[in-house]
Amino acid sequence: MSSRLTRIVGSSIVKKQAMAITGLLLCGFLVTHLAGNFLIIYSADAFNQYAYALTSNPLIYVAEAGLAALFLGHIGMAIKLTLENHKARPQKYYMKKPTGRGSTFASSTMPYTGMITLIFLVIHLINFKFGPLYMTTVDGVEMRDLYRTVVEYFASPLNVLWYIIAMVALGIHLSHGVWSAFQSLGFNHPSYTPTLRMASKAFAVLIVVGYSSLPIYCYLIQGGH
Amino acid sequence: MGNNTVSMNLNLKIWRQKSATDKGEMVDYKLTDVSPDMSFLEMLDMLNDRLIREGKDPVAFDHDCREGICGMCSLMINGQAHGPERETTTCQLHMRSFKNGDTIVIEPWRAKAFPIHKDLMVDRSAFDEIIAAGGYVSVNTGHAPDANAIPIPKENADLAMDAAACIGCAACVASCKNASAMLFVSAKISQLALLPQGEAESKQRAEAMVAKMDELGFGNCTNEAECEASCPKGIDISNIARMNREFIKGGLTNR
Ligand code: HEM
Ligand code: FES
């Protein structure tokens, strides 16, 4: 019985579905994170209070652990699957040409766009979460001035540019990934698959435009520094 | 056919490998006076004819029916499984799809699960092993049943028939960048799962066939659909989604 369980859990299909579920949950994170970030435009105090509310709640450790698990699960599985896929064809073709009716740029670069996202993630955490620590007081409460950390960082056009490049890579990842995740989970039907494929691309555009707009905003409010 | 009086001269680059253990290499051949009306395999026959006359070893390649139904012919032609034409097996591909002076690269299917026998011939027993693991209905069928004894919705009959069009040629594995066999396996699972006769064993079937597929060292699908685009029978990846559902259904409900 337990060998049956390990065989099922270790199967190619369940591994793909683990990729899909972690990927979709990470998309959920992207949406909430983006929504919170938009408070930057609303006001510095609102943004700082939001960040403070999150970090001062003890549940943040549970949430962060969950998020870390999603990333590690997704990345770990990505590495495992990609290595297995390389092993499945030890000798490469002398010549290999896509048909033009199947794979796309996005679908064939998933490991690379994923890798860029990972590099971005590490740099992102270093710059902000573990970045310069300023303090401020809002309504009599002393809290971290994360707003200042963020805005100062985006005074540099190079930082803005790198951020946007990373977001485009993530967007390319998602334009295939979201649809692909549904396919892996068994969703494919003529009545909704075309819509799902469109929605996957639309979601990717939303993430790229949404996330890229904030560094541009931060850069512009400083008069191009 | 329009230009059948014009014969073609071709440069062929063919994978030659003496045996399973030989290292193998690409070898160049020049072939003249090829008729555009020849099939691709007839063109290779012509080359072999010449090689035999010259006392050389002919190029080994697989084929049987030469009418697009048996799935024996394979060949990676200019980097595409079964060559450039859509929904066309190598045996049904004609030289009019090429131009005079073209260089044509011909390679065997490449996958860890398909070891090369010789030259362009690979061992596709792995597919037989997957079928043996569960791609059947284990009832004594006896006489052919009355066609309408078991009512089947038209949509299911059509979908099962589409999946059953698979000839097991393995172009899906060959064209997949991951050498995944999921289109083949999903077609074989679907053709049975969609019909009442096959539905009964569907809980075990997906699990058993996928386990065998994994064990044989095929890669994991990344949903790029190169298999669908290369399939000479136009089998589509909605079958893979069905297999994914069948697998979960079996995993949760099979005792
Ligand atoms: C916010 C970050 C990320 C999100 C939202 C995300 C989302 C997704 C989604 C939805 C899929 C489709 C799953 C499927 O095909 O079933 C996917 C696939 C993939 N992801 Fe990510 N991903 C992220 C980060 C990463 C990172 C950091 C890496 C690698 C270092 C990565 C590597 C991959 C690879 C290689 C695949 C393809 C797997 C396959 O198709 O078999 N991803 N991702
Ligand atoms: S030889 Fe039978 S399908 Fe090509």
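The values are calculated or read from the model by the stated rules, or taken from the named source; none is laboratory data. What you see is a predicted model, and the numbers here were worked out from it, not measured in a lab. Here the Cβ positions follow ideal geometry from the backbone for every residue, glycine too, while neighbour counts run over all protein chains shown. Surface accessibility is based on the protein's heavy atoms, side chains included, excluding ligands, DNA and RNA. Shrake-Rupley method; radii C 1.70, N 1.55, O 1.52, S 1.80 Å.
Here are a few things to note about the model shown:
- Between the range B:198-255 and the range A:178-225, the Cα center-to-center distance that results, in Å: 29 Å
- Note on the range B:183-244: with charges restricted to the Cβ of Lys and Arg (+1) and Asp and Glu (-1), its dipole about the Cα centre is near 200 debye.
- Per atom type, chain A shows carbon and sulfur on 73% of its accessible surface, probed at 1.4 Å.
- Rounded to the nearest 20 debye, the dipole size of the range B:124-254 about its Cα centre is 100 debye, using +1 on the Cβ of Lys and Arg and -1 on the Cβ of Asp and Glu.
- Subset of A:Lys15/B:Lys112; A:Lys97/B:Lys30; A:Lys96/B:Lys154; A:Lys201/B:Lys177; B:Lys154/B:Lys203 violating a 31 Å alpha-carbon distance limit: A:Lys96/B:Lys154
- Kirkwood hydrodynamic radius over Cα pairs of chain A, then Stokes diffusion coefficient at 25 °C and 0.890 mPa s, in µm²/s: 124 µm²/s
- Total accessible area lost when A and B pair, probe 1.4 Å, Å² to nearest 100: 3800 Å²
- A Förster distance of 60 Å, applied to the separation of the beta-carbon atoms of B:Arg16 and A:Gln222, puts the FRET efficiency at 0.35.
- At q = 0.07, 0.10, 0.11 Å⁻¹, base-10 log of I(q)/I(0) for the protein assembly as shown (Debye sum, equal scatterers on each alpha carbon): -0.49, -0.86, -0.96
- For chain A, the longest principal axis of the C-alpha atoms and the axis of helix A:157-184 are separated by about 40°.
- Straight-line reach from A:Lys80: taking Cα to Cα under 19 Å and skipping same-chain neighbours fewer than 8 places apart, the aspartates and glutamates in range are B:Asp214, B:Glu215, B:Glu224.
- For B:Gln80, nonlocal amide neighbours, meaning residues 5 or more places apart or on other chains whose placed amide H falls under 5 Å from its own, are A:Lys97.
- What a 1.4 Å probe finds exposed on the range B:124-254 is 56% carbon and sulfur by accessible area, rounded to a whole percent.
- GNM top mover of A:Pro190, A:Pro157, A:Pro111 - chain A, alpha-carbon springs below 10 Å: A:Pro190
- Dimensionless Rg over Rh [the range B:128-229; C-alpha; Kirkwood]: 1.00
- Normalised by the number of residues in the range A:74-152, the average gap of Cα pairs under 8 Å and 6 or more apart makes the relative contact order 17 percent.
- Using the Cβ-Cβ distance between B:Ala200 and A:Val9 with R0 = 25 Å, the FRET efficiency computed as 1/(1 + (r/R0)^6) comes to roughly 0.45.
- Candidate aspartates and glutamates - alpha carbon under 13 Å from B:Lys13, same-chain residues fewer than 8 apart omitted: B:Glu25, B:Asp28, B:Asp102, B:Glu107, B:Asp119
- Computed P(r) (all Cα pairs; the range A:5-139; 5 Å bins; percent): 2, 7, 11, 18, 16, 13, 10, 8, 6, 4, 3, 1, 0, 0
- Gaussian network model of chain A, springs between alpha carbon atoms under 10 Å - residue of A:Asn57, A:Asn188, A:Asn127 with greatest fluctuation: A:Asn57
- Relative to the longest principal axis of the Cα atoms of chain A, the long axis of helix A:12-37 makes an angle of roughly 20 degrees.
- Helical segments meeting 30 Å axial Cα length and Kyte-Doolittle -1.0 threshold in chain B (DSSP H): none
- Nearest-ten-degree value, helix A:193-221 long axis tilted from longest Cα axis of chain A: 30 degrees
- Solvent-accessible area per residue in the range A:2-161 equals 57 Å², computed with a 1.4 angstrom probe and all protein chains kept.
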